[in-house]
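The next block holds one structure in the form of structure tokens; read it before the comments.
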Amino acid sequence: AHKSVNAVLAGLNAGLARCFSRRLRSPVNTLRMAIVQRQIAPFYQPFMDARSGQIAGIEVLARWRHPLYGYVSPDVFIPLAEQHHLIVPLTHLLMEQVVADLQHQIHRFPLGTYICINISAQNCLDPGFECDSRDMVRKLNANQSHVVVEITERHPLHFTPQLSEWFAALRRANISLALDDFGTGYSNLAYISALNPEFIKIDKLFVSQIGVSDDTRLVDSLIDLAKNMHLKIIAEGVETKAQADHLRNKHIDYLQGYYFSKPLSASELIHQVAAG
Ligand code: C2E
Ligand code: MG
Ligand code: MG
Ligand code: MG
């Protein structure tokens with residue numbers, strides 16, 4: 001599987017050489033170049049145990065700082081990567097970097113139990129991803145870390161027996177699933193039970209309403225729904241104390257957002273946890 005990713009990268013390089021010799025500097029070629037030159041790096045956003053306030057885990061978020069154009073949002077380059085079938089090599093390089101960043105730190109610093117990776121529909125069915133995530137479990141299991149794969153509800157997957165088997169293989173390798181951006185898609189019970197995640201992440205859209213409007217029925221009923229399905233709940237986008245308090249009173253499991261920490265580079269992450 002690694003060989004095929006390297007082959008893809010070699011292909012990217014060859015393709016780029018041709019494009020640049022013909023001066024074709026489209027956004028996708030700029031992205032290809034960024035992937036090949038490893039300008040896109042993993043950042044890490046901690047999330048907290050709602051009861052103890054300790055770090056429960058970290059979410060990997062891709063960050064691209066282009067030498068000329070500066071910061072490019074994942075909301076721009078992830079869809080571009082998906083459109084041009086670049087997400088598989090990009091995910092591979094990010095996972096490789098996560099292992100390099102964390103394997104010597106994870107047993108020295110309290111980074112929590114979970115390492116969450118965002119994936120796209122194109123990563124599903126990819127045997128290379130299965131291989132990379134098993135590699136990650138093997139290399140990062142110093143303090144019993146659990147790898148969690150986050151899948152957005154925004155673009156629902158089409159379940160086939162093959163896809164169910166791919167998820168089953170991940171589960172056998174001790175990898176859990178989180179349904180990301182819950183509430184923004186169909187929030188369909190049949191879909192949730194087909195995916196059978198261990199975690200659900202309540203989208204920041206609903207969290208941002210707490211404290212703004214007195215009406216918290218929407219976020220409260222999403223929480224109740226997830227609780228009734230015995231899912232562990234992570235609230236994303238927590239920005240204020242009022243939001244954190246409301247969510248704690250609803251007994252949700254984990255809190256994530258700028259109120260606790262923004263996404264950090266590997267060295268910022270280590271500095272922050274080392275400082276306590
Ligand atoms: P997501 O997985 O739902 O990630 C949460 C987003 O909310 C992140 O945006 C994060 O930086 C941001 N965020 C965290 N706390 C707060 C807060 O308190 N307030 C607000 N307003 N925002 C907060 P980011 O990093 O820009 O990523 C956007 C989306 O891009 C992610 O949403 C995810 O769907 C996608 N993405 C990022 N990295 C990857 C990746 O490596 N692979 C794939 N397939 N998708 C990725
Ligand atoms: Mg996510
Ligand atoms: Mg999300
Ligand atoms: Mg999101």
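In table form, for the structure just shown:
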| quantity | calculated |
| --- | --- |
| Scope the stretch 48-86; condition among the β-branched types (V, I, T), more than 30 Å from H251 (Cα to Cα) and surrounded by 15 or more Cβ atoms within 10 Å (Cβ to Cβ); matching residues | V72, I78 |
| Where a residue in the stretch 224-245 is at positive phi and its partner, wherever it lies, is part of a helix (DSSP H, G or I), with Cβ under 9 Å and at least six apart | G237/K204; G237/L205; G237/F206; G237/V207; G237/Q243 |
| Criterion violated by S213 - all others in (1) in contact with an Asp or Glu (Cβ under 6 Å, 6 or more places away or on another chain); (2) under 21 Å from Y259 (Cα atoms) satisfied | (1) |
| Residue check, V98 within 24 Å of A274 (Cα to Cα), more than 16 Å from ligand 4 (Cβ to nearest atom), of a type outside the set (K, R) and not in a helix (DSSP H, G or I) | no |
| Tally of residues being on the phi < 0 side of the Ramachandran plot and either at pLDDT below 90 or more than 15 Å from ligand 3 (Cβ to nearest atom) (or both) across the stretch 196-223 | 13 |
| Enumeration of residues in the stretch 41-67 that are more than 8 Å from ligand 1 (Cβ to nearest atom), modelled with pLDDT of 95 or more and assigned to a strand (DSSP E or B) | A41, Y44, P46, F47, M48, D49, I55, A56, G57, I58, W64 |
| Residue within the stretch 211-232 that is within 11 Å of ligand 1 (Cβ to nearest atom) and touching a Gly at 6+ places or on another chain (Cβ under 9 Å) present | no |
| In the stretch 96-105, residue nearest to L140 (Cα to Cα) [restricted to those that are of a type outside the set (D, E) and open to solvent by 10 Å² or more (accessible area, probe 1.4 Å)] | Q103 |
| Pair list, Cβ < 7 Å and 6+ apart or interchain, from the stretch 85-99 residues that are without any contact (Cβ under 8 Å) to a residue 40 or more places away in the chain to residues that are open to solvent by less than 10 Å² (accessible area, probe 1.4 Å) and among the small types (G, A, S) | I87/A81 |
| Residue that is nearest to ligand 2 (Cβ to nearest atom) [pool: residues in the stretch 188-212 that are open to solvent by less than 30 Å² (accessible area, probe 1.4 Å) and farther than 18 Å from F167 by Cβ] | D203 |
| Hits in the stretch 254-276 - residues which are within 16 Å of ligand 2 (Cβ to nearest atom), touching a residue at least 60 places away in the same chain (Cβ under 8 Å) and either open to solvent by 30 Å² or more (accessible area, probe 1.4 Å) or touching a Ser or Thr at 6+ places or on another chain (Cβ under 6 Å) (or both) | F260, K262 |
| Test: residue in the stretch 106-124 that is open to solvent by 10 Å² or more (accessible area, probe 1.4 Å), assigned to a helix (DSSP H, G or I) and modelled with pLDDT under 90 | no |
| Residue ID - farthest from Q122 (Cα to Cα), chosen from residues in the stretch 144-175 that are within 16 Å of ligand 2 (Cβ to nearest atom) and exposed (fewer than 14 other Cβ atoms within 10 Å of the Cβ) | R154 |
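Every residue, every condition in (1) among the acidic types (D, E); (2) away from ligand 4 (no atom under 16 Å from the Cβ); (3) farther than 25 Å from V60 by Cα, yes or no:
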{"site": "F167", "(1), (2), (3)": "no, yes, no"}
{"site": "N174", "(1), (2), (3)": "no, yes, no"}
{"site": "D180", "(1), (2), (3)": "yes, no, no"}
{"site": "E198", "(1), (2), (3)": "yes, yes, no"}
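The values are calculated or read from the model by the stated rules, or taken from the named source; none is laboratory data. It should be emphasised that the depicted structure is a prediction, and the values quoted were computed from it without experimental measurement. Glycine gets a Cβ as well: all are built from the backbone with ideal geometry, and neighbour counts include every protein chain shown. Accessible surface is based on the protein model in full, side chains and every heavy atom, while ligands, DNA and RNA are left aside. Shrake-Rupley method; radii C 1.70, N 1.55, O 1.52, S 1.80 Å.
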